[in-house]
Amino acid sequence: MNTASAFARREWGPLYGAVHAALDARRWRAVPMTLAVVCLTALLHLVQNQPWGLEPVRDIGFVRAEDPLWLALLRTPLSLFVPALDLPVWGALAQILLVFGIAEITLGRPRTLVVAYASTLAGTAYARIGIAVGPDGPLGLPASDAQVVDTGPSAAVVGLAVYVCHRYRAWLTMGLVVAAMVAEVLVKNNLAGKEHLASIAAVLVVCAATELRNRRRQRRLRVGSWSGAPPMKS
């Protein structure tokens, strides 16, 4: 086995095995939530591009930093599935199908939804904090960004990708996702890119907390096994 093949097995082997086994056993029935999300996103895209549809979608799914906090929190769950008006919808649908599908299989539906929502909420919170700091602060934003609509499904996709990579120890892939988001901000310094980084930061905090909890649990198990071991005979 050559070096590239060995690396690919280490990087993607466990993740590929889990996804392949689920799809092989259940086909599309393995990802019902993902298919529903894809259909909902496509429907919202279709509606908001109708002359009569933009205002209703804006009222239920657009989140801006200038909105009252209670209203933003109320709209945030649906905002995950409202694609950006200025980007091709097929890209968002492909990202959702791939990343949400992998997450649904490997993490389960409840955890997938929690990570997706937390990622989006982190971006939303950052926008408010950044605008409060102002453009002169290191993490600040101009006041005009208060009127910019949040990222839609992309922040959730980025957060889920990082979380799944951490779960399956796909470190290079995780690094590439983070590097791509940093490059996005360097090339196009806009609110969406910075919200993606905020989502990544929130997920990395969760990953670090998970690692710490697992290490403490393993330490307690080792201590318990040592204390319960029978004494050695002389």
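Just so you know, all these numbers are worked out from the coordinates, no wet-lab data involved. All values reported here derive from a predicted model rather than from experimental measurement. With ideal geometry, Cβ positions are generated from the backbone for all residues, glycine too; neighbour counts draw on all protein chains shown.
Brief remarks on what is shown
- To the nearest ten degrees, helix 32-48 and the longest principal axis of the Cα atoms of the chain are 10 degrees apart.
- Between 0 and 90°, nearest 10: helix 191-227 axis offset from the chain longest Cα axis: 20 degrees
- Translational diffusion coefficient (Stokes-Einstein; Kirkwood radius from C-alpha pairs) of the range 61-115 at 37 °C, 0.692 mPa s, in µm²/s: 258 µm²/s
- Cα pair distances of the range 1-94 binned at 5 Å [whole percent]: 2, 11, 15, 15, 13, 11, 10, 9, 7, 4, 2, 1
- Sites Glu66 and Ala183, calculated FRET efficiency, Cβ-Cβ separation with R0 30 Å, nearest 0.05: 0.55
- Gain upon complete extension [Leu74, Val205; 0.36 nm per residue less C-alpha separation]: 44.7 nm
- Among Ile105, Ile129, sorting on how many other beta-carbon atoms sit within 10 Å of each Cβ, with the fewest leading, yields Ile129, Ile105.
- Computed from Cα atoms, the angle from the helix 153-167 axis to the main principal axis of the chain rounds to 10 degrees.
- In the chain, the calculated helix contribution to ellipticity at 222 nm averages -24000 deg cm²/dmol per residue, counting -39,500 (n - 2.57) for every DSSP H run with n ≥ 4.
- Shape analysis of the range 42-173 based on the Cα gyration tensor places the equivalent ellipsoid semi-axes at 25, 21, 13 Å, largest first.
- Kirkwood radius for the chain, taken over all pairs of different Cα atoms as the inverse mean of 1/r, rounds to 19.6 Å.
- Comparing Thr210, Leu35, Val149 along the charge dipole axis of the chain, the residue lying farthest to the positive side is Thr210, per the Cβ-charge model.
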